1. For region 265-340, give me every one of the helices (runs of 4 or more DSSP H) that falls completely inside it and has 1 or more residues that are small (Gly, Ala, Ser) and surrounded by fewer than 21 Cβ atoms within 10 Å (Cβ to Cβ).
2. Can you tell which of Val113, Val146, Val102, Val126 is within 25 Å of Met221 (Cα to Cα) and among the hydrophobic types (A, V, I, L, M, F, W, C)?
3. Among the residues of region 107-118, is there at least one that is at pLDDT 95 or above and outside any helix (DSSP H, G or I)?
4. Determine whether Gln108 is more than 30 Å from Phe238 (Cα to Cα) and open to solvent by 70 Å² or more (accessible area, probe 1.4 Å).
5. Would you check which residues across region 159-185 are more than 16 Å from the ligand (Cβ to nearest atom), in contact (Cβ under 8 Å) with a residue 24 or more places away in the chain and of a type in the set (Val, Ile, Thr) and list them?
6. Confirm whether Ile83 is away from the ligand (no atom under 15 Å from the Cβ) and of a type in the set (A, V, I, L, M, F, W, C).
7. Under the condition of being among the charged types (D, E, K, R) and at pLDDT 95 or above, which residue from region 1-48 is surrounded by the fewest Cβ atoms within 10 Å (Cβ to Cβ)?
8. Return the only residue of Ser151, Ser131 being within 10 Å of the ligand (Cβ to nearest atom) and either over 25 Å from Pro166 (Cβ atoms) or surrounded by 19 or more Cβ atoms within 10 Å (Cβ to Cβ) (or both).
Amino acid sequence: MADELYCLPHGSRILVTGANGFVGSNLVHCLLELGFKVRGTVRKPKPWLDELFWDKFGEDSFESAVLPNFEDKELLFQVMQNISGVAHVVSDVSFNSNPEEVVPWVIQAIHNVLEAASKQREIQRVVLTSSALAARFPEHNKEGIVVRENSWNDSAIKEAFNPDTPAHLKGFFCYAASKTEAEKAAWNWVKENKPDFQFNTVLPDFTLGRILHPEIHGSTMGWVRSLTKGDRKIFQTFEPQYFCDVGDIARLHAAALLDPKTVSRRLFGFANRFNLTEIIWIIRKLRPDNTFIPDPPVDDGSDLSEVIPAKDAEKLLQDFFGQEGWKSIEESISDGLEGW
Ligand SMILES: NC(=O)c1ccc[n+]([C@@H]2O[C@H](COP(=O)([O-])OP(=O)(O)OC[C@H]3O[C@@H](n4cnc5c(N)ncnc54)[C@H](OP(=O)(O)O)[C@@H]3O)[C@@H](O)[C@H]2O)c1
């Protein structure tokens, strides 16, 4: 990839919020590999994270910035100094079941990020990590669902506030509502405020793959890892859906930051359909002696939806990074189980 094809100055510093998370750390790694520098926000100092990137890319490559919250506008403004682009990866991933405690916070955080970025003239690109759940809820065995770039999960907010929602699903619906409403709010903010930077979003579906450090719990990949210890927690809320490798998700973020042709787009990280049965068979194949891996559910079905913009995202990975296509689920799970 020729340097002149990047829309941010090559070697400039990019801000990644939540640099210690599963997606955030893989995005930092991807940007450093491409020759950019990164400032990564963390809530508390994490010397192991600095060492992780310094060991591989040198001490000037990565710097962490402690940002305990996103309400402190002055600190946010300072963190964005001498930065060419911003990826806002942080979200409330606590699965807290009180929508009032989750949804407004996630919206306010992206508002504050966009406002602070608009005050820094050097910032040319801002990218928000949204979610597949901002476009739709996965529904197994339902035919005729077509997801387009302008699809929105309008039922998420209703389900989050619905008093009849079963208790075990409440946190999941609150999370989905926060992702939907925050992404909508971000697009509205950009439309109303017309900042100098360009804006894109990335919508990952269930993300699997490489966990860069033992201190990183690995989010969704962490749940899959736990199956090797007999932990069935993932069974409670899992619906057959699409998966995507975390490296592909990181590269979609990088393209959203760097590709001059990718402007005002929602990039859908939906590689292929999968279900729990498939995950369990893959893990059993990779760990044939493990007797803790639970039996798959009985007939867990399949996500039959057609996700049209996923083809554009795959083409972007091909055109911008020269890769053949999405990484396979077998490779992704194998990467995620490495050292486990
Ligand atoms: N994994 C998936 O399948 C998937 C799918 C779709 C979208 N996403 C999105 O990807 C992003 C990263 O998620 P992940 O899967 O990588 O999860 P993760 O590993 O748990 O990372 C979450 C990051 O957000 C930070 N964070 C959480 N709550 C925060 C708060 N209140 N204030 C400041 N920082 C906070 C965490 O910091 P601490 O470590 O200090 O808590 C961590 O750095 C999120 O926006 C998520 O919605 C993930």
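The values are calculated or read from the model by the stated rules, or taken from the named source; none is laboratory data. Everything quoted here is computed from the prediction, not taken from an experiment. For neighbour counting, all protein chains shown are included, and Cβ atoms are generated from backbone atoms with ideal geometry for every residue, glycine included. Each accessible area value is taken on the protein alone, full model and side chains, heavy atoms only, with ligands, DNA and RNA left out. Shrake-Rupley method; radii C 1.70, N 1.55, O 1.52, S 1.80 Å.
1. Of the helices (runs of 4 or more DSSP H) lying wholly inside region 265-340, those with at least 1 residues that are small (Gly, Ala, Ser) and surrounded by fewer than 21 Cβ atoms within 10 Å (Cβ to Cβ) span 329-336.
2. After ruling out the rest, the residue left standing is Val102.
3. Looking through region 107-118, none of the residues is at pLDDT 95 or above and outside any helix (DSSP H, G or I).
4. So Gln108 does not fit the description; no.
5. none
6. Here the answer is yes, as Ile83 does meet what is asked.
7. Across region 1-48, the extreme among qualifying residues is Lys44.
8. Ser131
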